[in-house]
Amino acid sequence: RSRADRKSQARFLSFVAYMLSYIFEQNHVGIEGIKVAIKGRINGVPRSKIWSASEGKMSLQKIDSEIDYYYLSSGTVYGTFGVKVWISEKR
């Protein structure tokens with residue numbers, strides 16, 4: 001892998017973190033918290049790692065909290081990685 005590929009993936013992860021904070025700041029639909037977790041071979045490393053970012057309050061332990069969850073896996077030339085997104089809504 002080239003150094004430019006690793007830099008572009010690092011820029012992508014910082015872009016995801018920036019978009020997460022922007023979405024939370026421009027919240028008009030009642031989002032209380034957002035969490036994104038990406039697990040896999042990020043930046044072409046030999047072992048799988050977890051990268052996560054969150055904004056606001058996220059209570060994953062309460063049964064009565066309104067949380068939307070989505071998971072998507074993707075295949076790359078280095079293997080697969082998964083993206084999980086949790087969105088907590090105000091009641």
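The values are calculated or read from the model by the stated rules, or taken from the named source; none is laboratory data. On a predicted model such as this, the values are computed, not experimentally measured, just so you know. Counting neighbours? That spans all protein chains shown, and the Cβs are built from the backbone with ideal geometry, glycine included.
If Q61 meets every condition in (1) over 18 Å from R11 (Cα atoms); (2) surrounded by 11 or more Cβ atoms within 10 Å (Cβ to Cβ); (3) free of Cβ contacts under 8 Å to residues at least 60 places away in the same chain apart from one, which number is that one?
In the conditions (1) over 18 Å from R11 (Cα atoms); (2) surrounded by 11 or more Cβ atoms within 10 Å (Cβ to Cβ); (3) free of Cβ contacts under 8 Å to residues at least 60 places away in the same chain, Q61 misses (2) alone.
Keeping to the range 57-87, report how many residues are of a type in the set (S, T, Y) and closer than 25 Å to F24 by Cα.
Step one: of the range 57-87, the residues of a type in the set (S, T, Y) are 59, 65, 69-71, 73-74, 76, 78, 80.
Then keep just the ones that are closer than 25 Å to F24 by Cα; that gives 59, 65, 69-71, 73.
Result for the range 57-87: 6.
Could you look through the range 50-70, keep only residues that are of a type in the set (D, E) and at pLDDT 75 or above, and pick out the one that is farthest from K84 (Cα to Cα)?
Here is the first cut: in the range 50-70, the ones of a type in the set (D, E) are 55, 64, 66, 68.
From the residues that got through so far, the ones that are at pLDDT 75 or above too are 55, 66, 68.
On the way: E55: 14, E66: 16, D68: 11 Å.
Among them, the one singled out is E66.
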